[in-house]
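Accompanying notes for the structure given below.
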Amino acid sequence: MNKISARLGQIPILTAASVFFILGIVTAGFITIPFFVWFVFCLAASALAFWGMRKNVFFSFVFLLCCFGLGGLHYRNYLFLPPTHIASINPQKISHLRIQGIIENDPAYGLRKVSFILRAKKIAVGEQAYKVEGMVGVNVYKGEKFSYGDELILEGKLHRPFSFGRKKFSYQEYLKAQGIAYLFNVNKEGKIVFLERAKGNPLKAFAFKAKHKCKSIFEAYLWPENSSVLSGIILGDRQNFPQNLRQAFVRTGTSHIIAISGFNVGIVAFIALILLKALGIKRKARYGITLPLLIVHMYA
C-alpha cells in the first residue's frame, strides 16, 4: 500500500485528473449510460472524497473516480440539445427556407462555391419566423464576397450531410463533432441580404486578417507551389493546394505537416523566437511576445 501511495504521489494531480476525465469521455462515447446515472455517480464520488479527505490514498482514488464521472457527464451533456436547436428541424418537410445568422469562421473560396459555418439565429418558412440556435455548414454557389462576422440572411435548401468517401470515414459524424447538424445550399437564384458587418470576435477577426496578409506575401514573393506549401505548413491553409503535391505528401506519410497541429505551432514559435533573438530582444521578452502571437495563430 505504501508503494502504491508513493507512486501515486509522484504523478501530478492535474495530469492524473485530466487522464481520468478523458477516459470518462471515451467511455461515455462507447457505452450508452444515461445522464442521470453519471450525475449520481459524480455526487456519490464527491461525497466519498469529502468524507475521506484525511486519507490520502483513498481521497486520491475517489477524486480520480469523480473526474472520470465528470468526463462522462460532460459527454452526455454535450449530446443534449435545446428544443430551439436547428438539429430538431425536419429538413424533408421544410427544405426550402430563409436563414439568418452570423459567419463563424474564415470563408473558404473554391472554384464553384464559397463555404463557411453560420451560427443560426432565426429561420423563416413562408411568412413564419422562428428563433433557433446551432451551427450550419453553408455552401454558396454564386459570386459573393463574405467575411468572418458578417450577419446575413440566406435563401436556400437545408439538407443532411451525404455519406461519401472511405468506408471508415463518416462525413456526417465529422460535421457533428464540430456541432454542425445540417448543410445549407444557396444556388445562383437564392437571395442573399447582408444585415451587418464585423459582428464577430475582434481578436478572431484580427487573426484572419493577419492570415490573409501572410498568405498574400507568400503569393507575391514565392513560386505558386512554394507558396502553397508554406501556407499549408505555417497557416494550415490547404484550400488551393496542388493535387500532385497533396498526393506526394500522402504517399510519403507526411500529410500531417500541412495541417494545423502541434508541429505547425512549434514551427511558428521557433521562427518567432529566432527572429526576436536576432533582433537582440531578451529571453523573457521573446516569450512574452511569442505567446500572444501563438494565440492569434490558434484563432487563424
For the stretch 173-300 the translational diffusion coefficient, Stokes-Einstein from a Kirkwood Rh over Cα pairs at 4 °C and viscosity 1.567 mPa s, in µm²/s, is roughly 74 µm²/s
Among 101-113, 213-225, how do they line up from the highest to the lowest mean number of other beta-carbon atoms within 10 Å?
-> 101-113, 213-225
For Tyr182, the residues 5 or more places away or on another chain with a placed amide H closer than 5 Å to its own amide H are Gly137
Cα-centre dipole for the chain with unit charges at Cβ (Lys and Arg positive, Asp and Glu negative), debye to 20 = 540 debye
Candidate span helices, the chain: DSSP H, at least 18 Å along axis from Cα coords, Kyte-Doolittle average at least -1.0, result 13-30, 35-51, 56-79, 202-221, 262-278, 283-299
Based on the mean of other beta carbon atoms within 10 Å per residue, what is the order of 287-298, 272-283, most packed first?
-> 287-298, 272-283
The stretch 76-156 - percent of accessible surface contributed by carbon and sulfur, probe 1.4 Å | 53 percent
Span per principal axis, largest first, for the Cα atoms of the chain (Å) = 71, 61, 39
Residues of the chain: accessible area per residue with a 1.4 Å probe, Å² = 66 Å²
Rg/Rg_ref, the stretch 100-203, where Rg_ref = 2.2 N^0.38 Å and atoms are Cα | 1.08
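The values are calculated or read from the model by the stated rules, or taken from the named source; none is laboratory data. Since we're looking at a predicted model, the values are computed, not measured. Because the Cβ atoms are built from the backbone with ideal geometry, glycine has one as well, and the counts that use them run over all protein chains shown. For the accessible areas, the whole protein counts, side chains as well, though only heavy atoms, and no ligand, DNA or RNA atoms are used. Shrake-Rupley method; radii C 1.70, N 1.55, O 1.52, S 1.80 Å.
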